[in-house]
Each structure stands twice: as structure tokens, then as C-alpha cells.
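Participant: I am attaching a structure below and will ask some questions about it afterwards.
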Amino acid sequence: MAGKLAPMKSPPYITTMRPQDILVPQPHGLCCRPGEFYIDPVRPVARALITHGHSDHARAGHGAVLATQETLDMMRLRYGDDFAGSTQAITYGEEIRFGTCQVKFHPAGHVLGSAQISVTCGGVRVVASGDYKDVADPTCAPFEVVPCDVFITEATFGLPVFRHGNPQAEIAKLLNSVALFPERAHLVGAYSLGKAQRVIAMLRQAGYDAPIYLHGAMETITRYYESRGIALGELRPARDAKKVELAGTITLAPPTAIQDLWTRRFPDPLAAFASGWMRVRARARQRGIELPLVISDHADWDGLCATIEATGAHEIWVTHGQEDALVHWATTKGLTARPLALVGYGEEDEETALPTSDGTKA
Ligand SMILES: [Zn+2]
Ligand SMILES: [Zn+2]
């Protein structure tokens, strides 16, 4: 051999950073020790980075809060002006440094203002998805795939039985029902933050231009969406309408309201519910839902798997939801995967509905 040795190639970076040195699950939530912050903490902390406005992720009582403007506004609407010691708004793609970490927020496609949070430290990037969906939603910025080393994914619908299908087809079902039963009032149960506004926007996309009625608990947040430039057409408070006027109309209400006494003000009410859980017929029956609409703001099984692959991450941490099947799937793909035992997150809670415009709980 002619004695020329190829020069030793050094790796693109030399790091002793392990992903768990960057983010680690703790009772308060996901903790970044080098950056000295928590992501979506469930208990009060000095510095919180918040992915989105749903109340299981965005809680009051933190020292400093960093989030998108929309998420900060939603927290203000729910908790009042003094919900945190101080706040800072961050835009998608903007970079902020905490200690040795660079932090960026990226669209999560879940609700208005929702973000994934990427934390890069020592050449390793960890992305915490928050809640996300990879399908179109006229009320928020589309999900962005963020290449990373470690992807922390939610798993609300992390079972192969959950395939949400085409949401426009579900909207068509609702409109068919309204045409078929012009004497009945259609009550559509939907989470107050995000789902309700998405259903309204999709009804408008489908060409439905009649006034849409709102339960009191929906008003504040829906008007906020409009103030951010989301066109929702003519909206009316249901409480101002006479019973007879409500025949053949559509009203959006929190899921709990469509089964209670509140429905008495409607002529022959027909209960619908827009949720990924409506794929499970037994759930719909249990709740007395006549018209289940499979419309979800979370990725379904295919969406979760496709997103994990698209990130290029070699390590997957799975949190809040059905972790086991997704961990197993990732393992069969040759990825390192583990469930994260984070507690305090769940379905967007309908109990803590936003106050009505006159300040009372609806
Ligand atoms: Zn959420
Ligand atoms: Zn969640």
C-alpha cells in the first residue's frame, strides 16, 4: 500500500449531550435543565414555555411565560390579566436563547397559535410536539415537520383503530341532516377552543351561509378568533333566539351542554358531536349522540406514524394518550422509543369552559 492514510474524519459535532440532559420528565412537566424552563408545566414554575391554549397545557400561576401571542391572549381570556408574573410573545421561526439552548416555536396545526417547541443544545435537537394534527384546518397555520434527533409526540389517538377519515365528508353529513330535518335544531357538541371555530369555518367552506348559533361558553373565544382575522360568517348567541327561529339551524355548544336542560330551548334537538372519539360507536351511543362526526384536532394513527417518520428522529418519546402501541410501532421501525410518564394532560377539558361575554359561566 502506498503509505497514504486517509485523514481521520471527525464527526460533524462532538457532544456529550444526551437527549435526557436537554429535556427530562418531572412531576411539574417536561423540564429543560440547561435552559432552566419547563414546557407546559402542570404546576407553577419560574419559567414556562407553553405550546397552546388548552387548559391542560396552559395553566395560570407561572413566573415568566413564553408563548405565541394567540396562546398568551387565550390564557388572558381564561384566567385574567394577572395569569403570570410576566409574558413574552414569540413568533413561529423566531429563535430565543436560554442558557446553552436555542428555542424555536413551529406551527403544530392543532388550534390557533399552537406550537411545537424545538430545543437545540450541544448539537442535539429535541422537538416537543404538544398536541398536533397534520391535516388542513382553516383556522390555524399548517403543521410543520421539524427535522430533529428526538421527537416527543402526543398519542391521544395512538391506536390503529383511529383513522379520522375526511373531515369535509363529516361536515357534508351534518349539512345533509339539516336538509333532511328542517324542523329540528342541530346541536353540535365541540370543544370551545379550536374545534368549534374549525367546524364553523368548515361549514362556511362547504357553502353554508345561514347564521350559526353559539352557546354562551363559545362566544368569547369565537369572537377572539374573528379578531385574529378568521372569517366565520354571521354568528348569533343562541340565548337571544326564540325557539321557533331555531328550527333547521345549527348551534355550536360545549359537549356537556348538549345533554343538559339547556337543550330545552331548542325545537326537537338533534345531538351531534365533533370529535375523534366518535370513531368509537359505543362512545357516541353512551353519550346519546344521534349524529357522530369524526372530526379531530389530533393526528390519527396514520398521521402519528407518518409524522414520526418525516421528522427523521432516531428516538421517540411518547406522551399523553395511548403510548404503548406507538412505542411498539416505532421499535419495529428500528427507532429507540419509550413512553414518558407525564401526568396532568388529557382531553381538552370541557369543564373549564371560557366565561361568557357577560362574565358568567354558561
Ligand atoms: Zn390541545
Ligand atoms: Zn393535550
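The values are calculated or read from the model by the stated rules, or taken from the named source; none is laboratory data. Predicted model only: the values in this text are computed from it and were never measured. We place every Cβ from the backbone using ideal geometry, glycine too, and count neighbours over all the protein chains shown.
Participant: Run GLU323 past the list (1) farther than 25 Å from ILE22 by Cβ; (2) modelled with pLDDT under 95; (3) within 16 Å of ligand 2 (Cβ to nearest atom) and report the number of the one that doesn't hold.
Facilitator: (1)
Participant: Taking the stretch 166-190 only, how many residues are part of a loop (DSSP other than H, G, I, E, B) and either among the basic types (Lys, Arg) or at pLDDT below 95 (or both)? If you could, list the steps in order and put the result at the bottom.
Facilitator: Going residue by residue through the stretch 166-190, those that are part of a loop (DSSP other than H, G, I, E, B) are 166, 181-185, 190.
Filter again for either among the basic types (Lys, Arg) or at pLDDT below 95 (or both), leaving 184.
Matching residues across the stretch 166-190 total 1.
Participant: Among the residues of the stretch 43-63, how many are aliphatic (A, V, I, L, M), assigned to a loop (DSSP other than H, G, I, E, B) and within 16 Å of ligand 2 (Cβ to nearest atom)?
Facilitator: Going through the stretch 43-63, the residues aliphatic (A, V, I, L, M) turn out to be 45-46, 48-50, 58, 60.
Okay, now just the ones that are also assigned to a loop (DSSP other than H, G, I, E, B), so 45-46, 50, 58, 60.
Narrowing the set further to residues that are within 16 Å of ligand 2 (Cβ to nearest atom) leaves 50, 58.
Count: 2.
Participant: Could you say whether any residue in the stretch 64-81 is away from ligand 2 (no atom under 16 Å from the Cβ), surrounded by fewer than 23 Cβ atoms within 10 Å (Cβ to Cβ) and under 19 Å from ARG33 (Cβ atoms)?
Facilitator: The answer is yes; a qualifying residue exists.
Participant: Next up: Just to be sure before I move on: is GLY113 touching a helix residue (DSSP H, G or I) at 6+ places or on another chain (Cβ under 8 Å) and either crowded, with 20+ Cβ neighbours inside 10 Å or assigned to a loop (DSSP other than H, G, I, E, B) (or both) in the structure I sent?
Facilitator: Working: touching a helix residue (DSSP H, G or I) at 6+ places or on another chain (Cβ under 8 Å): yes; either crowded, with 20+ Cβ neighbours inside 10 Å or assigned to a loop (DSSP other than H, G, I, E, B) (or both): yes.
Considered against the rule, which asks whether it is touching a helix residue (DSSP H, G or I) at 6+ places or on another chain (Cβ under 8 Å) and either crowded, with 20+ Cβ neighbours inside 10 Å or assigned to a loop (DSSP other than H, G, I, E, B) (or both), GLY113 comes out as yes.
Participant: Looking at this structure, is ILE230 among the hydrophobic types (A, V, I, L, M, F, W, C), at pLDDT 95 or above and crowded, with 20+ Cβ neighbours inside 10 Å? Outline the logic, then answer.
Facilitator: Working: among the hydrophobic types (A, V, I, L, M, F, W, C): yes; at pLDDT 95 or above: yes; crowded, with 20+ Cβ neighbours inside 10 Å: no.
So ILE230 fails the test.
Participant: Being surrounded by 23 or more Cβ atoms within 10 Å (Cβ to Cβ), touching a residue at least 24 places away in the same chain (Cβ under 8 Å) and either in the same structural domain as SER55 (by TED's automatic domain parsing) or at positive phi (or both) narrows it down to one of GLY189, GLY194, GLY165, so name that one. Write out each step before concluding.
Facilitator: Numbers: GLY189 fails: either in the same structural domain as SER55 (by TED's automatic domain parsing) or at positive phi (or both); GLY165 fails: surrounded by 23 or more Cβ atoms within 10 Å (Cβ to Cβ).
Every option except GLY194 fails the conditions.
Participant: Any residue in the stretch 114-129 that's assigned by TED's automatic domain parsing to the domain that holds VAL150: show its pairings with residues that are of a type in the set (Asp, Glu) at Cβ separation under 7 Å, as long as the two are six or more apart or on different chains.
Facilitator: Note: pairs meeting the criteria are SER114/ASP131; VAL124/ASP149; ARG125/ASP149; VAL126/ASP149; SER129/GLU154.
Participant: Restricting attention to the stretch 319-326, does a residue exist that is more than 21 Å from the chain's Cα centre (by Cα), touching a residue at least 60 places away in the same chain (Cβ under 8 Å) and in a loop (DSSP other than H, G, I, E, B)?
Facilitator: No, because not a single residue in the stretch 319-326 is more than 21 Å from the chain's Cα centre (by Cα), touching a residue at least 60 places away in the same chain (Cβ under 8 Å) and in a loop (DSSP other than H, G, I, E, B).
Participant: State the number of residues belonging to the stretch 244-256 that are assigned to a helix (DSSP H, G or I) and either of a type in the set (D, E, K, R) or at pLDDT below 95 (or both). Quick ask: steps written out before the conclusion?
Facilitator: Initial filter on the stretch 244-256 (assigned to a helix (DSSP H, G or I)): 244-246.
If we keep only those that are either of a type in the set (D, E, K, R) or at pLDDT below 95 (or both) as well, we get 245.
So the answer is 1.
Participant: Inspect the stretch 85-105 for any residue being touching a residue at least 24 places away in the same chain (Cβ under 8 Å) and within 16 Å of ligand 1 (Cβ to nearest atom) and give the result as yes or no.
Facilitator: Yes, the stretch 85-105 has at least one match.
Participant: Of all residues in the stretch 288-308, count the ones that are in contact (Cβ under 8 Å) with a residue 40 or more places away in the chain, surrounded by 19 or more Cβ atoms within 10 Å (Cβ to Cβ) and under 29 Å from THR153 (Cα atoms).
Facilitator: At the first step, the residues of the stretch 288-308 found to be in contact (Cβ under 8 Å) with a residue 40 or more places away in the chain are 289, 291, 293-304, 306-308.
Retained after the next criterion (residues that are surrounded by 19 or more Cβ atoms within 10 Å (Cβ to Cβ)): 289, 291, 293-301, 303-304, 307-308.
From the residues that got through so far, the ones that are under 29 Å from THR153 (Cα atoms) too are 293-301, 303-304, 307-308.
Looking only at that region, the number is 13.
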